[in-house]
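Encoded as structure tokens, the structure appears first; notes follow it.
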Amino acid sequence: QYINTLQSKSVRIFPAYLEDHPEEIARCGRMIRITDVNRKTLDFLGVKTKEDAIRYLRDLWPRDAVEIQRGVLEAVAEDRMFEIESHIANLKGRQITIMVKSAIPPGYRDSWSKVFVSVHDLTDRIQAEREKRRLEAQLRQMPLTDPDPHVEGMGAFTPMGYQKEAVQRAIMQL
């Protein structure tokens, strides 16, 4: 309703309005009521109870994630989905990469009294992708043929043995 009120007061370009009035992001954030979280959310936030998670999301997280709140508010005002990847610290201080998505379910588009926001922890996937790129770079630097068996200290390699062993080691690391 508050966003409707702003729009009725000739706020036509909502992103620009939020940029010029950052206090509105905090005001709208205080109006948000979180009703539920799942077990996975408790885990990645580093809390034990649903109440702790809701308190964290309501009281602490908004200060660290203004761009997320701005994006959600803009999406709600424009009646569209919102999706952003961002970084936050959980209550244990661990930096996590998250994907935040929002949606307004049918029947609530006029009132915006219900908006679904999902938060997915991408940290493990991001780290796995980074490690995969590192290992691929290592593989690209490995020689494609055996070292010359006549070079001192290299005679122990059998034909293609060096390449085969190196590739097998790299694969085992994946």
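Bear in mind these aren't lab numbers, they're just calculated from the coordinates by the rules spelled out. Remember, predicted model here, so these are calculated numbers, not experimental data. As a convention, Cβ positions derive from the backbone with ideal geometry for all residues, glycine included, and neighbour counts pool all protein chains shown.
Data for the structure
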item	result
Pair Glu67, Glu136: separation of 7 Å Cα→Cβ label points (nm)	2.4
Convex hull volume per residue in cubic angstrom - Cα atoms of the range 16-136	132
Gained length - Ala26 relative to Ile84, 0.36 nm times residue gap less alpha-carbon distance	19.0 nm
Net charge of Cβ neighbours under 15 Å - reference Pro106; Lys, Arg +1; Asp, Glu -1	+1
Expected-Rg normalisation [2.2 N^0.38 Å, Cα atoms] applied to the range 63-127	1.23
Coordinate range along principal axes, alpha carbons of the range 90-144, Å, largest first	64, 30, 9
Label point distance in nm, Asp110-Asp124, each placed 7 Å from Cα along Cα→Cβ	4.4
